[in-house]
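Report on the following structure.
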Amino acid sequence: QVQLVQSGAEMKKPGASVRVSCKASGYNFTAYQMHWVRQAPGLGLEWLGWVNPNNGGTTYAPHFRGRVTMTRDTSISTAYMELTRLTTDDTAVYYCARDLRSGTYYFDSWGPGTLVTVSS
Amino acid sequence: DIQMTQSPSSVSASVGDRVTITCRASQGLSSWLAWYQQEPGKAPKLLIYAASTLQSGVPSRFIGSGSATDFTLTISSLQPEDFATYYCQQANGFPTFGGGTKVEIK
């Protein structure tokens, strides 16, 4: 079965960067785009962008362009999301989520989430 | 960005009740809309995509309808495991989500 396993919680200071990983199993990693979605405490969901594991292509939400980088390592079926110049507003649970089919922007499998806390 | 407005923000209901949640988009989506269920402390779960297509394994009491700017999620007979928060999400371009509807026990 499809499984997405994310890296552990992170505590960062304002101005720092964070990298979250998402290891996929149970399916062909290169066949489905991987998205990243975040959820601030008690708030709604916000899409950050996606990476195409097949060719490394990316698309980022305008709000995050210049601060987010999504990559992948096909040898270990793992996607990464790095966010730089962190502020307290970036405190959130970050999820990786697989695309239902290429380019649909429907998310059919989700990782458990990684809590990133930004505090001085 | 396409804005998604859900209503109500919360609803109290009893087991067996029929519950309806609405989602309105700021521009036409055709049928590019999904619904998710999120339990506390867990990741969202895809229920419905393409406005009315039931995701594999999701019970048939979850019914999606609508097109263009107005969409509805109906739970035909609420079960104990359905008490959760529900989100709509547009997929007609960069995704955006509604603010959520919390379904609580009456």
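Tabulated data
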read-out	value
Any pair with Cβ under 7 angstrom, 6 or more apart, that starts in the range A:73-88 at a residue that is on the phi > 0 side of the Ramachandran plot and ends at one that is small (Gly, Ala, Ser)	A:Ser77/A:Ala24; A:Ser77/A:Ser25; A:Arg85/A:Gly15
Residue check for A:Ala97: away from chain B (no Cβ under 13 Å) and within 27 Å of B:Gly57 (Cβ to Cβ)	no
Count - residues of the range B:5-53 that are surrounded by 13 or more Cβ atoms within 10 Å (Cβ to Cβ), among the charged types (D, E, K, R) and within 11 Å of another protein chain (Cβ to nearest Cβ)	1
Which listed residue is of a type outside the set (A, V, I, L, M) and at positive phi, from A:Gly57, A:Gly26, A:Gly44	A:Gly26
Total residues in the range A:106-120, condition surrounded by fewer than 21 Cβ atoms within 10 Å (Cβ to Cβ) and within 13 Å of chain B (Cβ to nearest Cβ)	3
Any hit, the range B:75-88, residues being small (Gly, Ala, Ser) and facing another protein chain (nearest Cβ under 9 Å)	no
Options B:Ser56, B:Ser77, B:Ser60: the member that is surrounded by fewer than 15 Cβ atoms within 10 Å (Cβ to Cβ), among the hydroxyl-bearing types (Ser, Thr, Tyr), at pLDDT 95 or above and within 21 Å of A:Cys96 (Cα to Cα)	B:Ser56
Strands (runs of 3 or more DSSP E) (entirely within the range A:1-78) containing at least 1 residues that are within 21 Å of A:Gly103 (Cβ to Cβ), within 11 Å of chain B (Cβ to nearest Cβ) and of a type in the set (Asp, Glu)	A:45-51
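The values are calculated or read from the model by the stated rules, or taken from the named source; none is laboratory data. These figures come from a predicted structure and were not determined experimentally. Positions of Cβ are backbone-derived with ideal geometry, glycine not excepted, and every protein chain shown enters the neighbour counts.
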